[in-house]
Amino acid sequence: MVTLPTFLPVAEAARKYGMEEARLRALIEKGKIRAGVVAGEMVVSEDEVRVEAIQEKGLRKEDLPEYQMHAHLKGKPIWISEAARQYKVLPQTLWKWVKAGYIRQIGIKGNKTLIDEADVAYCVEIYRKHGKPGRILFNPDGTPYKPKTGLLTM
């Protein structure tokens, strides 16, 4: 099932991502962020605003709304096999994210690796929104990847 992009009113997007509304409007005029008019109100692509905010402010993944949804799980340990069952993701995928540094390893007990459940939930959230075979999901800092050319379909 194709996920449609989310559009927000300009004022709400600016508030949500900590940007000046005037700066957001300037990005719209430059064509860096898609915009439209719905019911007489200008709306913008939430994903494009998020990417611009990350680039401008150097936001970390922990600052993103997708991560904040799972912040209550921060520091809560979970075994990789348990996380795979609970979040319905292959253990190999979780291992790949651990090795890449997107999921923090909390410890090792015997032959079991404990990882941070908030990181798991965040990565799975991004994976479910954007995951397709062969698609890059994350930047090296763990923020969602957006191709430099073309539009990332959400």
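Evaluating Val10 against the criteria (1) within 19 Å of Tyr145 (Cα to Cα); (2) of a type outside the set (Ser, Thr, Tyr); (3) modelled with pLDDT of 90 or more leaves one unmet condition, (1).
The set of residues from segment 29-45 being closer than 21 Å to Pro144 by Cα and either among the hydrophobic types (A, V, I, L, M, F, W, C) or touching an Asp or Glu at 6+ places or on another chain (Cβ under 9 Å) (or both) comprises Lys32, Ile33, Arg34, Ala35, Val44. If I filter segment 118-136 down to residues being of a type in the set (A, V, I, L, M, F, W, C) and crowded, with 18+ Cβ neighbours inside 10 Å, which single residue comes out as farthest from Lys76 (Cα to Cα)? Across segment 118-136, the extreme among qualifying residues is Ile126. When every residue of segment 89-108 is checked against the conditions, at least one turns out to be touching a Ser or Thr at 6+ places or on another chain (Cβ under 8 Å), outside any strand (DSSP E or B), in the same structural domain as Ile136 (by TED's automatic domain parsing) and at pLDDT 90 or above. Looking at segment 35-56 only, could you name the residues that are buried (at least 21 other Cβ atoms within 10 Å of the Cβ) and at pLDDT 90 or above? Result: Val44, single match.
The values are calculated or read from the model by the stated rules, or taken from the named source; none is laboratory data. From a predicted model like this one, the values you see are computed outputs, not experimental measurements. Ideal geometry is used to build each Cβ from the backbone, glycine not excepted, and the neighbour counts take in all protein chains shown.
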